[in-house]
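Here is the structure we will look at.
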Amino acid sequence: MKVKTQLAQLRASRGNVSYEKIAASTGIDSQQLRELEIGEANAIALTTLGKLCAFFQCTPNDLFALDWSEGEIDTSPATAEELARASEKREKNREMIKKAFARAEAMPPRPPEEIWRSFEATIDRIAPQMENSGSSVNGTNVDA
């Protein structure tokens, strides 16, 4: 399955509007628009999606189509072995969560200022890693 954009159809239905006009109205780079249209982009930021939907006055459903010809989803039932592994993993996760809650409950209360200082120190510590991964600290990704 592959996700494809309907950008060419939307542009054509609006009088073959140019990439440059879309770029000028939305702030989306015209090269990015080309990549989205010809299928070279692997992702799209939600802000970009919102801008395109606003420009074309459409919904995300109008902008995308699914191409099932490039590999169907395996709908065969899970094997007993797969189910057993999933159950095992779920049980391990439950145990890990129980232990984490027990440790958290055993900790003495901390004032909010101390918690925020700890949080901000963690953000400062991981910020370089987040920048290298193409993500920002607040959880949003860069445009595709």
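Quick notes on this structure:
- Here A12 passes the criteria (1) of a type in the set (A, V, I, L, M); (2) loosely packed, with under 13 Cβ neighbours inside 10 Å; (3) touching a strand residue (DSSP E or B) at 6+ places or on another chain (Cβ under 7 Å); (4) part of a helix (DSSP H, G or I) except the one numbered (3).
- Residue in region 20-35 that is within 30 Å of D74 (Cα to Cα), among the polar types (S, T, N, Q) and exposed (fewer than 13 other Cβ atoms within 10 Å of the Cβ) present: no
- Residue match in region 68-86 (condition: at pLDDT 90 or above and among the aromatic types (F, W, Y)): no
- Scanning region 1-23 for residues being aromatic (F, W, Y) and more than 14 Å from R34 (Cβ to Cβ) gives a total of 0.
- Region 87-144 - residue that is of a type in the set (G, A, S) and closer than 30 Å to T47 by Cβ and, of those, modelled with the lowest pLDDT: A144
- Residue match in region 65-78 (condition: acidic (D, E), touching a residue at least 12 places away in the same chain (Cβ under 8 Å) and more than 19 Å from A8 (Cα to Cα)): yes
- Test: residue in region 34-51 that is under 13 Å from T5 (Cβ atoms), in a loop (DSSP other than H, G, I, E, B) and among the β-branched types (V, I, T): yes
The values are calculated or read from the model by the stated rules, or taken from the named source; none is laboratory data. Remember, it's a predicted structure, so these values are computed and weren't measured experimentally. Please note: Cβ atoms are built from the backbone with ideal geometry, for glycine as well, and neighbour counts cover all protein chains shown.
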